[in-house]
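Engineer: Right, I'll just put the structure down here and ask away after.
Derivation of every value follows stated rules applied to the coordinates shown; laboratory data play no part. Every value quoted in this text rests on a predicted model; they were computed, and no experiment measured them. When we count neighbours, we look across all protein chains shown, and the Cβ atoms used for this are built from the backbone with ideal geometry, even at glycine.
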Amino acid sequence: MPATCVVGLQWGDEAKGKIVDLLSADHDFVVRYNGGANAGHTIVWGGRTFKLSLLPTGVLKPSVKSVIGNGVVVYPPRFLEEVDQLVAAGIPVGDNLVVSNHAHVIFPYHMEEERLVETAETRGAIGTTGRGIGPCYQDKVGRRFGVRVGELLRPDHLRERLRYVVPYKNRLMTAYANGHTDTLKRFDADQLTDEYLRYAERMKPFVTDTARLLHDGLHAGKKILFEAAQGSLLDVDHGTYPYVTSSSSLPSGVWTGSGVPARNLGRIIGVVKAYTTRVGRGPFPTELNDDTGERIRKVGREYGTVTGRPRRVGWFDAVAVRYTATLAGADEITVMLLDVLSGHPELKLCTAYRYDGETRAHFPSDSFELERCEPVFETLPGWSEDISMCRKLTDLPAAARRYVDRIGELAGLPVSVVSVGPDRDQTIHLK
Ligand code: IMP
C-alpha cells in the first residue's frame, strides 16, 4: 500500500515529528492534513533544533515533497516565517513545498475572536493555543466568511471579499467584547487586503491543487506519509469534546483533509508517550498534581512548543490508548520518551476506570463521564539506569523492557519503536 499515517494516540505532543522524520526518507510526499500553527513539532536535525508549527516535518528533507493539504488552516505570516527560518539555516525550500489552494486562511480577526471568547469568562474557555484555529474552521464550515488560499491570488476578488467579511467581524467582536471595548481591536478591510496581498505574492509559487498532485503521485507509484497534527483525544468528533481542537486529527481526517481515499492507507502508526500529557483544559484521569508529575514535566521538558505553557502530566492511560488505537485503526505503536521515566522506584499504568462504583475497561465517549472516572492502576517496578544510550531492546534494563511490553499488551498492538532520546539515533527498532 502506498500510504502510511503517523498519528498521536493521546492529547498531542507525542513526539510524532521524530517518527515522521525517521520515515520520511522512504517516502516521496509528507502531507499534513489537519490543524494549523497550533501544532508544535520539535525536530533535532543535524545537531540543530527546529521548531515548526505549520510546515510538515518533511520539509527538512528537500528530496521529499512536503504538502500542506486542504484540511489545514494556514496563517500566511507564520508560513513565510518558517520558510525564512529554514532558508536562513541553509535548508533549501522551493518546489519541495506546496500548499493547497483549498486550505483556509487565518486572519488576525480569527485570533482576536478567539482571544475574546477565551478570556470573556472561564465557562466557555477551552484553553486553546490562541492561533485562530477554531474561528477559522468555523468560517470554513459556516461558508459565509471563509477565505481559501487560492483566493489570495485574486487581488480584486480578495478586496471585495474582505470588504464584505471584515465589517461583520468587527460587529461580532464588539458583541463578544460585551462593553469591554478598551482592548478591542478593529480591522480595516483594505489594510488587511494590502497586507495579505503582500504575503500572497511570496506564497504564490507554493500554491497548487494538492489533491491532484497526490493523485498523480499515487498513479505514478509514489509513497505518501501523512503526518497528523494534535492527538486523537483532541479529534473534534471522537476526542474529549468540547476540550478538543477543531479538526479531525484521527486518520479519518486524511481523506477529507488531503483528498486521498482511505483505502490507500496501508500502515497506521500510533505514537504514544511512555506517560501522558495534556495542554489546555479538560478531563485527564491519570493526571499527577504532585512531585512525581513535576519531575516528569522537568525531565521531559514538558512545556508547550507553541505557547510555552507547562503541560499537564500523568501516568500512561491504557484505557484511552486502546480507545484511540481502535478509532485510528493503528497497526502498531511507537513508545516515545521512555528515558524520561528513568529514576522512579515504581511506575503506574492505568488499566481501567472506576465510575459510580463500577470498574470499566472502556473509555467513555462522553467527557462529562470521563471527568468522574478514577484510574485503576497497575504498579510496575521502575529502573534507575540512564537508558538514553540503549540501542537494542536487550540493552534496556529488564524493568524498562517489562514496562514497554506491558504497554503493548494493554494497547493490544505490537510496539515497533522505542525512543530513548530526541536524536534520530536514540531509537530502538523492534521490527
Ligand atoms: P486549538 O487547537 O488552539 O483550538 O486548541 C484546542 C485544544 O487543543 C487546547 O486544549 C490546546 O491546548 C490543544 N492543542 C492544540 N494543538 C495542540 C498540540 O499540537 N499539542 C497539544 N495540544 C494541542
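Engineer: Sorted by packing (mean other beta-carbon atoms within 10 Å per residue), highest first, where do 133-145, 3-15, 201-213, 325-337 land? Could you put the intermediate results ahead of the total?
Structural biologist: Numbers: 133-145: 18.6, 3-15: 27.5, 201-213: 16.4, 325-337: 22.3.
Ranking the peptides 133-145, 3-15, 201-213, 325-337 by packing returns 3-15, 325-337, 133-145, 201-213.
Engineer: In which sequence would Asp194, Asp290 go, from the one with the fewest C-beta neighbours within 10 Å to the one with the most? Intermediate values should be presented prior to the final figure.
Structural biologist: On the way: Asp194 13, Asp290 9.
So the residues, fewest neighbours to most, are Asp290, Asp194.
Engineer: Which FRET efficiency, nearest 0.05, do Thr183 and Ala398 yield, Cβ-Cβ r, R0 60 Å? Mind dumping the intermediate values first?
Structural biologist: Working: r = 58 Å, r/R0 = 0.96.
According to the calculation, E is roughly 0.55.
Engineer: In a Gaussian network model over the chain where Cα atoms closer than 10 Å are linked, find which of Glu385, Glu294, Glu118 has the largest mean-square fluctuation.
Structural biologist: Glu385
Engineer: Moving on to the next point. How high is the FRET efficiency from Asp190 to Arg212, r the C-beta distance, R0 45 Å, rounded to 0.05? Don't skip to the end; give the middle numbers.
Structural biologist: Details: r = 34 Å, r/R0 = 0.75.
That gives a FRET efficiency of 0.85.
Engineer: For each pair in Lys51/Lys222; Lys16/Lys273; Lys18/Lys273; Lys16/Lys61, compute the distance between the two Cα atoms and list the pairs where it is over 20 Å. If you can, show how the numbers build up before the last one.
Structural biologist: Numbers: Lys51/Lys222 28 Å; Lys16/Lys273 10 Å; Lys18/Lys273 12 Å; Lys16/Lys61 16 Å.
Pairs exceeding 20 Å: Lys51/Lys222.
Engineer: Order of 263-272, 98-107 by packing, highest average Cβ count within 10 Å first? Each step should come with its number before you reach the end.
Structural biologist: Working: 263-272: 21.0, 98-107: 23.9.
Descending packing order for the listed peptides: 98-107, 263-272.
Engineer: Pull up all non-local amide H partners of Arg281: gap of 5 or more, or a different chain, and H-to-H distance under 5 Å with H placed in the peptide plane.
Structural biologist: Correct list: Gly127.
Engineer: Rounded to the nearest 0.05, what FRET efficiency is calculated for Lys222 and Lys298 with R0 set to 30 Å and r the Cβ-Cβ distance? Please list the in-between numbers first.
Structural biologist: On the way: r = 43 Å, r/R0 = 1.43.
Efficiency computed from Cβ-Cβ geometry: 0.10.
Engineer: Based on alpha-carbon positions alone, could you give the equivalent ellipsoid semi-axes of the stretch 272-429 from the gyration tensor, as √(5λ), descending, whole Å? It would help to have the intermediate numbers written out before the result.
Structural biologist: Details: eigenvalues 122, 67, 47 Å².
So the three semi-axes of the stretch 272-429 are 25, 18, 15 Å.
Engineer: Would you work out which of Gly382, Thr193, Ala262 lies farthest towards the positive end of the dipole of the chain? Charges go on Cβ: Lys and Arg +1, Asp and Glu -1.
Structural biologist: Projecting each Cα onto the dipole axis, the largest value belongs to Thr193.
Engineer: Would you kindly state how much longer the chain becomes between His429 and His157 on full extension, computed as 0.36 nm times their sequence separation minus their alpha carbon distance, in nm to one decimal? Display every interim value, and only then the final one.
Structural biologist: Details: separation 272, 0.36 × 272 = 97.92 nm, distance 5.21 nm.
Separation in residues times 0.36 nm, less the Cα-Cα distance, equals 92.7 nm.
Engineer: At 0.36 nm per residue, minus the direct Cα-Cα distance, what do Glu201 and Ala262 gain on full extension? Give it in nm, one decimal, please. Intermediate results must be reported in sequence, preceding the final value.
Structural biologist: Details: separation 61, 0.36 × 61 = 21.96 nm, distance 3.42 nm.
Answer, rounded to one decimal: 18.5 nm.
Engineer: In whole angstrom, how far apart do the alpha carbon centroids of the stretch 392-431 and the stretch 217-296 sit?
Structural biologist: The stretch 392-431 and the stretch 217-296 have Cα centres spaced 20 Å from each other.
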